[in-house]
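Written below as structure tokens is the structure these notes are about.
The values are calculated or read from the model by the stated rules, or taken from the named source; none is laboratory data. Since the model is a prediction, treat every value here as computed from it, not as a measurement. Neighbour counts are summed over all protein chains in view; Cβ atoms, including those assigned to glycine, are modelled from backbone coordinates with ideal geometry. The accessibility values were calculated without ligands, DNA or RNA, using every heavy atom of the protein model including side chains. Shrake-Rupley method; radii C 1.70, N 1.55, O 1.52, S 1.80 Å.
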Amino acid sequence: MAMATSITALTSSLSSLSFSSQISHKPFQSLSFPSPKPLSLRSAAPKFPALVVAASSAVADADVETADLKKLVKSRLPGGFAAQNIIGTGRRKCAIARVVLQEGSGKIIINYRDAKDYLQGNPLWLQYVKTPLMTLGYESSYDVFVKAHGGGLSGQAQAISLGIARALLKLSDSHRSPLKQEGLLTRDARVVERKKPGLRKARKRPQYSKR
């Protein structure tokens, strides 16, 4: 009986509820948001070809500069490096450098490239190359043409220094004393020590384990 009474009460309460038939079809303006603009990659697209063009133009300029330097070296050194009079050979580690001096304005060209570009702008390596000329005050009196190979850039820079110093001796014997005082005529015989059998390197041993 109690369940039947509750059901009748529920149906009567539902029937008493009235719903409005006037439903507004207009959207609720307070909750309306502007539709986001679709993302487009068209605006960023032109940037990539521009970068590619800039990079390719830089490479082309470098190639043109190298070609111009090759023409300059061939015009200044007829017959190649071996046919020149003022020449010096320097060695350091595994690097070998052949140096030719000519009267000029102080240009230094290494393997048909500018010295600063070839030595990656490293101030220490550039100082190695310029020290022999600066010692005698010839930094703006002679052009230096170098053909270097073997080893790394550090070894090549020191080999070029020795080659320039030896070439300066052919200009005058009076250059020997100031160059020797600066240690520029001494061949640095230090090389990497060979690896020994049973060791990791020349002297490094494997880790010892007692147990």
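Taking a quarter of the surface of the Cα convex hull of segment 65-182 gives a mean projected area of 6.8 nm². Using the Cβ-Cβ distance between Asp68 and Glu139 with R0 set to 25 Å, the FRET efficiency from 1/(1 + (r/R0)^6) comes to roughly 0.60. Report the FRET efficiency, 1/(1 + (r/R0)^6), for Arg176 and His149, where r is their Cβ-Cβ distance and R0 is 30 Å, rounded to 0.05. The computed FRET efficiency comes out at 0.60. For segment 65-211, the solvent-accessible area works out to 62 Å² per residue, with a probe of 1.4 Å and every protein chain left in place. Each Lys and Arg adds +1 at its Cβ and each Asp and Glu adds -1 at its Cβ; summed about the Cα centre, segment 65-182 shows a dipole of about 400 debye.
Taken along the Cα-to-beta-carbon direction at a fixed 7 Å, the label points for Lys196 and Arg76 span 4.8 nm.
The fraction of accessible area contributed by carbon and sulfur in segment 65-182 is 48 percent, rounded to a whole number (1.4 Å probe; ligands and nucleic acids excluded). When the trypsin sites (Lys or Arg not before Pro) in segment 154-196 are filtered for DSSP coil states and for at most 14 other beta-carbon atoms within 10 Å of their beta-carbon, the remaining sites are Arg187, Arg190, Arg194, Lys195.
Taking 0.36 nm per residue of separation and subtracting the current Cα-Cα distance, fully stretching the chain between Tyr208 and Gln102 would add 32.3 nm.
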